[in-house]
Amino acid sequence: MKKFFQEFKEFAMRGNVMDLAVGVIVGGAFSSITTSLINDIIMPIIGIFVSEASFADLYFYTNGAMITYGNFLQAVLNFIIMAFIVFCMVKAVNRLTRRKKAEAPPPPPEPSAEEKLLTEIRDLLKDRKQ
C-alpha cells in the first residue's frame, strides 16, 4: 500500500500533471470571462440587429414542442470565440518559443580530428607522468 501511494505521489508531482491542473483551473476562470463577454457585450449588440434581447429568445413551436434554436446559436458563438482566443494564445506562445530558440547560442562546434588526436596525446602524456 505504501508503494502505491509513493507511485501516486511521483505521478501527481510530475510537471505535466501540475501544468494540466493549472490549465484546467485557468480555463474554467477564462470560460466565465468569455461567457460574460458574450452575454453582456456581444449578444446585446447582436440583439439590436435580430430585434431580440438575446439568442435565448429565438425559438419556434412545432407540433406542441418548443425548439429553442437561439440557445444552440449562442453555444456555437461561445465556442467560436473561445476557440479563436485559444488559437491566438497558442500562436503567441509558439512565436515566443521560436524567438527563444533563435536567441539561444548555437552549440560549440565539434573538435576536428586533429584536435581530438592532440587531446588524446595530451591525456596519454598526463597518465605517463603520474
- Item | Rounded tilt (10° steps) of 2-13 against the dominant C-alpha axis of the chain | 80 degrees
- region 76-130 shape via C-alpha gyration tensor axes, a/c threshold 1.5: prolate
- Message: Could you tell me how far the Cα centroid of region 26-53 sits from the Cα centroid of region 56-87, in Å?
- Response: 12 Å
- Item | Solvent exposure of the chain as accessible area per residue, Å², 1.4 Å probe | 87 Å²
- Note on the structure: In whole percent, the Cα-Cα distances of the chain spread across 10 Å bins from 0 upward as 9, 18, 17, 15, 15, 11, 6, 5, 4, 1, 0
- Item | Rounded if a/c under 1.5, otherwise prolate or oblate - region 19-71, Cα gyration tensor axes | oblate
- Task: Can you tell me the order of 88-97, 26-35 when each peptide is scored by its average per-residue count of other Cβ atoms within 10 angstrom, highest first?
- Result: 26-35, 88-97
- Using a simple spin-label model with points 7 Å from Cα along the Cα→Cβ vector, what separation in nm is obtained for VAL26 and ARG128? 6.1 nm
- Query: Helix-derived [θ] at 222 nm for the chain: sum -39500 (n - 2.57) over DSSP H runs of at least 4, divide by residue count, nearest 500?
  - Reply: -25000 deg cm²/dmol
- Item | the chain: most fluctuating residue of LEU73, LEU20, LEU37 per GNM, C-alpha cutoff 10 Å | LEU20
- Message: In whole percent, and with a 1.4 Å probe on the protein chains, what portion of the accessible area of the chain is carbon and sulfur?
- Response: 67 percent
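The values are calculated or read from the model by the stated rules, or taken from the named source; none is laboratory data. This structure is a prediction, so every number in the text was calculated from the model and none was measured. No Cβ is skipped: glycine too gets one built from the backbone with ideal geometry, and neighbour counts run over all protein chains shown. The accessibility values were calculated without ligands, DNA or RNA, using every heavy atom of the protein model including side chains. Shrake-Rupley method; radii C 1.70, N 1.55, O 1.52, S 1.80 Å.
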